[in-house]
């Protein structure tokens, strides 16, 4: 039997057929440009994509054991409902129920950050781990929490928002309306702000010429200059890593997981990012006497993370 | 069948026989003055206490379904081992194994904060709840985390140390060696420091005469003066409640539990403490669109909390 993993994003929906070992046999995409304007649209688009995928792959629906959907926003996975999605206005969409009109396969849906964490546990860098967290550093700071091999969702599926832990009381304003959230310091958006501030102070810094060459300041600017030994960039990166560590220390002392995985484009910095993080996080460990330190590694499922995470959801939910 | 709950503290060990509904049929205590000097001592003391308890209660060992032990320190509940206890030097004590030499009843052991949280879920203020946290404000800030009706322990039982979340980056030094931990702001020890600082600044404050009458500055000083309308005391209490809220906001956005319970002597302040906490914590909720706010209530199992928590551990572990 095979599984279908579907990754619903703001601009497109990706789908893939996988086997139980996480091999993607075929994948396909539809571009939506975010033009979901009613609950009809999104379920209809997902349905059309499933038909297209199976047709292209030459696999019959009867060979599919289950479908998993990873979706941004607030998801009630128990009822199979998109509670709401802030990017694209959408409320109370009964996706799994609606898909039953067209398909007999069991369909499961969950938040994309949760599904990504589960994917890493089933197929990726945390394979076989029972207790781990995936922290995705991007526009915001997302988190997926795996406890005892299962996704932790909280009431109404509204938990696992570790980006909105507070790390600096009365600190920087956050997009959520609060102040001092981890996301306001450790997201790539925050890193870009920190990089720009340092560039303004240090026009001689290598960061300025790198940004000029690339045509923009992005999450790589400071890391690239720091690797070349630029002093101002090293300061930016050191401070940014301390911000990331500050939140990981809190999560470590709460969960004492086996592993933290770092997701998002910045995870490509590899050990340059994870080695100092491991050192700082161990320094902040409450109970250093007992057991091994928490491992910190980059997430492993890059391009197919969404599809494989959703397929993992299908596999683990059956 | 009955259950035995045992509460091992620094100065004494308490034990009680309960029924499955949390009625304490009989209880007894031995004073140890913390004079456990070897693994022999603690298991021996617990054994002697069980014999004494059953003898006094007139209940045969065959009527006891299981024994639960709540114990401070780092506990490996799966193996039944006290990893270590910082108050009283103790390492790798195989308590449940050692008790098997004397008793045939199943014995379970867990950290006292975990056991207290479970007790509140089984018999107390969070009766029947599946997802909740008990935060105990005392000398430190302790936490017990209940997920899906079970204690969450983390690897090696070393998790659930929410007192060592960071709420102020590079902030106040903490007893753990870190800086800016929640415990360094929200413990009663921290409140006493905050009260003393305000008293030094405001010798006219009612706090000064209250402290004089009571012979000391304690966790009640500022609350008592604040209730009487003292301005400096109101400022201390407002700020302290903001510190407590800051950590609860982080825990709320991570766990989105049904309820937070506040334990420790300060929980006797009741709604004077919990009502402003609920307001602040709701303000800091990431996803306000979905579901009900998180309830915040004082813990309910006061004097018998240790015994009932340990009995709950016995009941839930069988």
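All of the numbers you see were taken from the coordinates with simple rules; none came from a lab. None of the values given here were measured: they were computed from a predicted structure. A quick note on method: Cβ atoms are made from the backbone with ideal geometry, for glycine too, and the neighbour counts reach across all protein chains shown.
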Would you mind checking the tilt of helix B:39-57 against the longest principal axis of the Cα atoms of chain B, expressed as 0 to 90 degrees and rounded to 10?
80
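For peptide A:145-153, compute the average count of partner chain beta-carbon atoms within 10 Å of each residue's beta-carbon. Mind dumping the intermediate values first?
On the way: counts 3, 0, 6, 4, 0, 2, 0, 7, 3.
Neighbouring Cβ atoms belonging to other protein chains average 3 per residue here.
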Output, in nm with one decimal and in ascending order, the distances from the residue B:175 label point to the matching label points of the other copies (7 Å from Cα along Cα-to-Cβ).
4.0
Could you give the angle, 0 to 90 degrees to the nearest 10, between helix A:188-201's Cα long axis and the longest principal axis of the Cα atoms of chain A?
30
Ranked on Cβ counts within 10 Å of their own Cβ, fewest leading, B:7, A:76, B:55 go B:55, A:76, B:7
Kindly put A:208, A:174 in sequence by how many other C-beta atoms sit within 10 Å of each C-beta, fewest to most.
A:208, A:174
10 Å Cβ neighbours from other chains, averaged over peptide B:167-175:
4
Beta bridges by DSSP in chain A, antiparallel share as percent, to the nearest 5
55
With angles folded into 0 to 90 degrees, how steeply does helix B:231-255 sit against the dominant principal axis of chain B? Use alpha carbons for both and round to 10.
50
If you project the alpha carbons of region B:132-298 onto the principal axes, what extent comes out on each, in Å, largest first?
49, 36, 26
If you wrap a convex hull around the C-alpha atoms of the protein assembly as shown and split its volume per residue, what is the figure in Å³?
173
Value of [θ]222 nm, deg cm²/dmol, for chain A, DSSP H segments ≥ 4, -39500 (n - 2.57) each, nearest 500:
-11500 deg cm²/dmol
homo-copy label distances at residue A:282 (7 angstrom along Cα-Cβ), nm, one dp, ascending, are 4.6
Residues A:43, A:187, A:209 arranged by fewest to most Cβ contacts within 10 Å:
A:209, A:43, A:187
Take the Cα coordinates of region B:23-134, assign each an equal point scatterer, and use the Debye formula without solvent to give log10 I(q)/I(0) at q = 0.13, 0.14, 0.24 Å⁻¹.
-0.55, -0.64, -1.42
For region B:107-179, alpha-carbon Rg and Dmax in angstrom:
13.5, 43
Considering only DSSP beta bridges where both residues belong to the protein assembly as shown, give the percentage that are antiparallel (nearest 5).
60
Could you bin all the Cα-Cα distances of region B:220-282 into 5 Å bins starting at 0 and give me the percent of pairs in each, rounded to whole numbers?
4, 17, 28, 25, 15, 7, 4, 0
Give the percent of DSSP beta bridges with both residues in region B:132-298 that are antiparallel, rounded to the nearest 5.
55
Using a 10 Å cut-off around each Cβ of peptide A:288-300, what is the average number of partner chain Cβ atoms that fall inside?
2
Using the Cα atoms of chain B to build a convex hull, what is its mean projected area in square nanometres?
17.0
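State the dimensionless ratio Rg/Rh of region B:180-274 (Rg: radius of gyration of Cα atoms; Rh: Kirkwood radius). Before the final figure, lay out the partial values.
Numbers: Rg = 13.8 Å, Rh = 13.8 Å.
The Rg/Rh ratio comes out at 1.00.
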Tell me the distances, shortest first, between residue B:91 and the same position across the other copies, using label points 7 Å along Cα→Cβ, in nm to one decimal.
6.0
